[in-house]
């Protein structure tokens, strides 16, 4: 018999590190018995003596590939039912599809998020306990016991224990007939999550209760159940009776209840966690955008310019294709600032940045503020003739802004001078050479009277 009050045994497998120590301490504080293993070999040796209730598997095993080790566990009859939870520093470090392919039950990509670690590990323990209790109950039902009175007493005890665990489980649990999908039992957490009392939901399907936010969800779940017999931790959205949308991790297991094929469904509400993750992702995106954009003109900044130029130089060197660079300098901008003030000067820079950005159409092209009143345009896969056309287009668009400049020695409106350089990258020259040649062309454009384009290839 399973003692549901007994603490769970959890194994943490991976190199000794601050991350594994954090997980060990966190789970131990919950009352679980947690044991660390640093190698696959030690783990396999320990499996000969005892079995854990769950395994947290890091990606840094020193003596085995973690995905292959998980696959080996799942193909070992004695250990195949143990849920394996992969642990990675970030989502980018983990091949999620491969993890599930080799039999992972779940994954964690936020090792510092204590609440997520506890929730995902506890979710697997809840599933295991529920399955063990149902298996135990079914074994009692089919076991031939000579003493009928003893059998009935044991069955009643098992049913009472299952009912208590069923109702007290922190996951929303429901049982439906496999033949028609109609609900035959559910716990209080299911009612709390969906808003339907037991009497309202009994005998109805999830579709009839309008739980599925996506109308294609039932078909997708049905196909997966037909193919695999169960599935775990599908993240999807459901709609409650009060039309509140919840994001849940849904797991479904095929069971046999008193001789009838049924489906055991467990749902964990992760709505708040998903909201927090979405907010964090947006904040990171905003920070990334701020780190690569010039705050005033909203075009790329100098740092982004350097990164893209070096990246494109390496790419086009491999492909033996040309790259062009346009350097643009606003004519007599110091006089403009002195005449109209820095606030008007900032407005002028914004307008010029916008005019340049509107002149460049390809996704791979980059417009950047190079410094002060200077702008730069990176044109991958562009020869000198094409780059000159783009520079002339920018020059004309700047003139079209018609920004008055009464102190300009070139015109009575704001103009700009351009230096254009083109090269096919090789291992001898560097991106700095391209900048130097474009700068020399810009100097020549100013020397020739400004408001013009000077181009050179090398």
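The values are calculated or read from the model by the stated rules, or taken from the named source; none is laboratory data. A quick note: this is a predicted structure, and the numbers were derived from the prediction, not measured. Every residue, glycine among them, receives a Cβ derived from its backbone with ideal geometry; neighbour counts consider all protein chains shown.
Some notes on this structure:
- With respect to (1) surrounded by fewer than 18 Cβ atoms within 10 Å (Cβ to Cβ); (2) more than 24 Å from the chain's Cα centre (by Cα), the lone exception for residue 263 is condition (1).
- Only residues that are part of a loop (DSSP other than H, G, I, E, B) and either buried (at least 17 other Cβ atoms within 10 Å of the Cβ) or in contact (Cβ under 8 Å) with a residue 24 or more places away in the chain (or both) were counted across region 43-80, and they come to 13.
- Lone unmet requirement of (1) surrounded by fewer than 15 Cβ atoms within 10 Å (Cβ to Cβ); (2) modelled with pLDDT under 90; (3) closer than 16 Å to residue 181 by Cβ for residue 207: (2)
- Residue satisfying condition, being out of contact with any helix residue (DSSP H, G or I) (no Cβ under 7 Å at 6 or more places or on another chain) and without any contact (Cβ under 8 Å) to a residue 12 or more places away in the chain, within set 357, 385: 385
- Residue that is nearest to residue 277 (Cα to Cα) [pool: residues in region 211-240 that are buried (at least 16 other Cβ atoms within 10 Å of the Cβ) and over 25 Å from the mean Cα position of the chain (by Cα)]: 240
- So residue 451, is it modelled with pLDDT of 95 or more, on the phi > 0 side of the Ramachandran plot, assigned to a loop (DSSP other than H, G, I, E, B) and crowded, with 17+ Cβ neighbours inside 10 Å: yes
- Condition met for residue 86 (in contact with a helix residue (DSSP H, G or I) (Cβ under 6 Å, 6 or more places away or on another chain), without any contact (Cβ under 8 Å) to a residue 40 or more places away in the chain and under 18 Å from residue 249 (Cα atoms)): yes
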